[in-house]
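See below for the structure under consideration.
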Amino acid sequence: MSKYLLEIGCEELPYKFINQAVEQLKTGFSKFLNENCIKYSDINVLATPRRLAVIIDGLAEKQDDETKVLRGPIKNVAYDENGNLTKAGEGFLRKNGVSPKDAYLEDNYLHAKVEIKGKETSTVLQENIPTLVLKLQGSHFMRWDNFDEKFQRPIRWIVSIMDNKEVPIEIINVKSGKISRGHRFSKNQTVEINHPDEYVEKLRSANVIVDQAERKAEIVKQAKAEADKIGAVCRYSDDLLEEVTELCEWPVAVTCEFDEKYLTIPDEVTVTVMAVHQRYFALYKDEKLTNKFITITNYVGDDFENIKAGNLRVVGARLDDAVFFFNEDTRKPLIDYVEGLKGMTFQKGMGTIYDKTQRIVELSKTIASDLGKSSETINRTALLCKADLCTSLVFEFTELQGYIGSDYARVSGEAPEVVEGIKEHYFPLNADSELAKGIEGQVVGIADKLDTVSAVFVEGKKPTGSSDPLGVRRAALGIIKTIIANDLKIDLNKMLEKTLELLPVKKDCIKDIQEFFTQRLIIFLNDQYKKDVLEACASSNPLSDLSDYVARVKVVSAMNSPELLESANRVIRILKTPVHAEVKKELFKDDSEGMLLDAMNKINENVDYETYLKELISATPAISNFFDKVLVMDSDEQVKNNRLAMLTKLNEKFEKLCDFSKIQA
C-alpha cells in the first residue's frame, strides 16, 4: 500500500472558502477513487490560508483488474440468415477489441467478455487530478495572467508525490515538484518533501501548522494561557474561532489593551468592535468586560510591540466612533426616537417601521390579554422595541439592534422589564441561541415575528428552496420555540387572523401560513420524534395549542399497541363518509353493538393523554368483537347508518389524539 500527497499552494485564500474546499476535496477524491476501483484506507484534507493538501493513505498501487460482460445487438441484427456476423456484429466486436471466437449468444443477444487490465494508480492520478482540483466551486473565483481557467486565488506551487516518487501533474501552467513553501516570515522559505509522511513535520519546521484541527487547538491553548496570566477568562464564539483558525498558519496569541474610558459604552458595542470587526477575543474578570483583549497573529518572531501598537490604533479609532455615537444618541430619551420610524420603510406596501410598531403594540395587547398578563410593561416594550433603529450607533453597528435599544432604555429610566424586553424580543437570534426569559420579550417577540411572516406571505413572497425573505423560517421557528419552551397558551390560528386583519394589504392566505407553521413545527421536532407520528398528531389542529400538540406527540411516540392501531385503521377505512347522527340503541341487532357503545362511553376525554391512550387501548377488544360479529354495511339502511354514526363518534375519539392512518405499523 502507498501514500499519496497533493499540495496546491496559493496566494491567501478567503477564510470562508477554506472549509468548503476541504469538504469538496474529500468528497471529490473519495468519489473519484471509488469510481476508478482504486482501494484506499483514508483521505485527510489539510488546509491553511496558503495551501490545500490531500493525503491519501493505504492507496493501492494499481486499479483492480476487471472483467466486463458486454451486451451487443440482438441475434437477428448481429448475424445474417447464414449465421455469419453482420456489419453491426463485427462493429460491436471491433469496438471492444474482442475476436469472433470469444463472442457468444445469450438470451438471444450477442455478448462479449472483456478483460480490462487495471492501470497504475499514479497514471490514473496524473490523468485526473487537474480536473478534480479545477472542479472546486465557490464565490469570487478569478482568472490571472492569460489563462482561461479559474481558481479561488492564483496557484503558485504544487507538490505531488506517491511514497518517495513524484507524480508529475500540471494545473493552470504550474508544474508539480517536491518543493513546498514555509511561512512568509520563516527562515525556511522552501521545504523539500521527499515522502508524504514528512509533510506535516517538515512544514512545522518552516512555521506552518498545516492541520487545521491542530491549529485550532493551539489557538485555544494559547488564548487560555494568555488569559490565565492576568486572571481573566477568554470568550469567543465558535464562528470567530473558526475564522481566526483559517486566517493564520502559525498562530501566536498576543494580549493587548485599550483605554478604560471605552468601557463606559455598552459591552455589546465594545465586544462587537473587537470580535466582528477586528477578530479579537474579549477578556472578562468577575463576569465584567476588561480593557484587555487577545489578538491571534500570524507571526514568526518575538517582538510584539508594533503589533500591539497597531491593534490599539485600529480598535481605538473604532471605539472612538462608538463613544461619540453613544453620547450623541443618549442626549434624548429613547421614546423620542419612535417618531423617526415614520421615515423608515418596513416593506413595500406594508407601511413604515412606525406602522409595524403600532401593529406590534396591538397584537401584543391581544396576546397579553389571552395569557392573562398585565399589559403595561408589555405595551411599553412593544412601543419602544424598534426605536433604536433611528439611532446613530445602530446605523453603524446594525447587528446590535435590540442590545442598543435595551441600553438606551436603561439610560432613559425605563422599567427593568422593558429594558430586558427590548433586547429579548429579537431572541432567538439563531437556531442555537437563547430564548427570551421575560414575558415582555416573549410576547413582543412573537407579535413582531408574526407580523413579519404574515407580511411576507401577503406580499406573495412565500419562502421556496434557499429563498427566505426577511428570515421568515427563522422567525417562525423562533415563535414555535418560545411558545413551547415557556408553555404559553397561545392560539396561533387566532393570532394569525388578528395579524392579517391589522396589515394594510388584505389577502386570503391564512391556510398557506398555517401550513407553513405546521411544517416548521414538524421539522423542529423531527430530531426527537418520528415524522409519521408528528404528521399524525398534526392532523388535529396543532397550532391552537403547541404544548398540547407536543404532549400528544410524546404519548403516541411511546405507544406500543398494534391492536389499537389496527382497530383505528379499520374504523377509518370503513368510514369513507362520516355519519353525524345520534346513535339509537333500539336499532342494535347484536350484543356487540351495545358492548362497543358502553366501551366508548367509558372513555373519559377529560384526562391526561397517557391515561386517555390507555382507555382507547382498553376499548380495542370491544371494537374487534364488533367487527367480528356484525356487518357494518347492513342491508337495512337505518341499521347501517346507525352503525356508521357509532363508528364516526369512535373515530372522533381517536382523532382527539391523532390520525392513526398516518402512523406506520
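Every number in this text was worked out from the coordinates using simple rules, so none of it is lab data. Every value quoted in this text rests on a predicted model; they were computed, and no experiment measured them. Counting neighbours? That spans all protein chains shown, and the Cβs are built from the backbone with ideal geometry, glycine included.
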For every other residue with a beta carbon closer than 12 angstrom to the beta carbon of THR352, add +1 if it is Lys or Arg and -1 if Asp or Glu, then tell me the sum.
-> +3
Of all the stretches in the chain, which is the longest one without any exposed loop site, taking GluC sites (Glu not before Pro) in a DSSP loop (any state but H, G, I, E, B) with at most 15 other Cβ atoms within 10 Å?
-> 435-581
Kirkwood Rh in Å, taken over all unlike Cα pairs in region 507-665 | 16.8
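Would you kindly state how much longer the chain becomes between ASP608 and ILE230 on full extension, computed as 0.36 nm times their sequence separation minus their alpha carbon distance, in nm to one decimal? Let's see the in-between values first.
Values: separation 378, 0.36 × 378 = 136.08 nm, distance 5.62 nm.
Full extension of this stretch gives 130.5 nm more.
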Calculated from backbone phi, Karplus (6.51, -1.76, 1.60) coupling profile of region 159-164 in Hz, x at Gly/Pro | 10, 9, 9, 10, 6, 10
Straight-line reach from LYS348: which lysines have Cα under 22 Å away, leaving out those fewer than 8 places along the same chain?
-> LYS356, LYS386, LYS449, LYS461, LYS462, LYS498, LYS506, LYS507
Neighbour net charge for ILE523 - beta-carbon separation under 11 angstrom, K R +1, D E -1 | +2
Using only C-alpha atoms and all pairs of different ones, pull out the Kirkwood radius for region 1-97 in Å with one decimal.
-> 17.2
Inter-label distance for LYS101 and VAL174, nm, one decimal - labels placed 7 Å from Cα along Cα-to-Cβ = 5.5
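Using Cα-Cα distances under 8 Å and only pairs 6 or more residues apart, what relative contact order does the chain have, in percent? Intermediate results must be reported in sequence, preceding the final value.
Numbers: 1043 pairs, mean separation 47.7, N = 665.
The value is 7 percent.
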Taking r as the C-beta separation of GLU566 and GLU535 and R0 as 30 Å, the FRET efficiency to the nearest 0.05 is 0.95
How much net charge surrounds ASN194 when only the other residues with a Cβ under 13 Å from the Cβ of ASN194 are counted, with Lys and Arg +1 and Asp and Glu -1?
-> -2
What is the calculated FRET efficiency for LYS68 to ALA88, with r their C-beta to C-beta distance and R₀ = 22 Å, to the nearest 0.05?
-> 0.65
Determine, at each q value in 0.14, 0.21, 0.27 (inverse angstroms), the log₁₀ of I(q)/I(0) that the Debye formula gives when each Cα of region 66-116 is one equal point scatterer.
-> -0.29, -0.64, -1.03
What is the Cα centroid distance between region 310-369 and region 175-192, reported in whole angstrom?
-> 52
Once you have all Cα-Cα distances for region 334-525, histogram them in 5 Å bins from zero and send the whole-percent values.
-> 1, 8, 17, 22, 22, 17, 9, 3, 0, 0
By the Cα gyration tensor axes a ≥ b ≥ c (a/c under 1.5 gives rounded; else a/b larger than b/c gives prolate, otherwise oblate), the shape of the chain is oblate
